[in-house]
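Read the figures in this text as sums done on the coordinates, not as results from a lab. Not measured: the values here are computed from a predicted model. For neighbour counting, all protein chains shown are included, and Cβ atoms are generated from backbone atoms with ideal geometry for every residue, glycine included.
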Ligand code: FES
């Protein structure tokens, strides 16, 4: 299983290439906003600053350089930003999602 780094609002998380971003962030103790978890509502939308993700066709609106964290799977090291302060369970700079 190959690992990668997800940088979210400046927090580095060890991630993978097989789970949606939202799931990986939650496992690392980061709690982005979400509602449907299936690409319908857009609540989990975030800005993709760098890197690439795979994302299936979805119904929710996404703007330029935005992705839905509930549906997107990172393909390489990525940096994303949510435009609000993230709720985190731990004040660490590096978290691990397994
Ligand atoms: S949580 Fe609804 S689109 Fe991601």
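For a quick size check, give me the Cα extents of the stretch 4-98 along its three principal axes, largest first, whole Å.
Sorted largest first, the three principal extents are 34, 24, 21 Å.
Among 68, 48, 86, which one moves the most in a GNM of the chain with springs linking Cα atoms closer than 10 Å?
Result for the chain, Cα springs under 10 Å: 86 fluctuates most.
Per DSSP helix of 4 or more residues, -39500 (n - 2.57); summed, then divided by the residues of the chain. What does that give at 222 nm, rounded to the nearest 500?
Numbers: 1 runs with 7 residues, N = 98.
So the helix-based figure for the chain works out to -2000 deg cm²/dmol.
Could you run the Debye sum over the Cα atoms of the stretch 1-51, one equal point scatterer each and no solvent, and tell me log10 of I(q)/I(0) at q = 0.14, 0.17, 0.30 Å⁻¹, two decimals?
Scattering profile of the stretch 1-51, log10 relative to I(0): -0.36, -0.53, -1.37.
Order these by the 10 Å Cβ neighbour count, fewest first: 72, 2.
Numbers: 72 25, 2 7.
Ordered by Cβ neighbours within 10 Å, fewest first: 2, 72.
Which residue fluctuates most in the GNM of the chain (Cα springs below 10 Å): 79, 26, 57?
So, out of 79, 26, 57, the one fluctuating most is 57.
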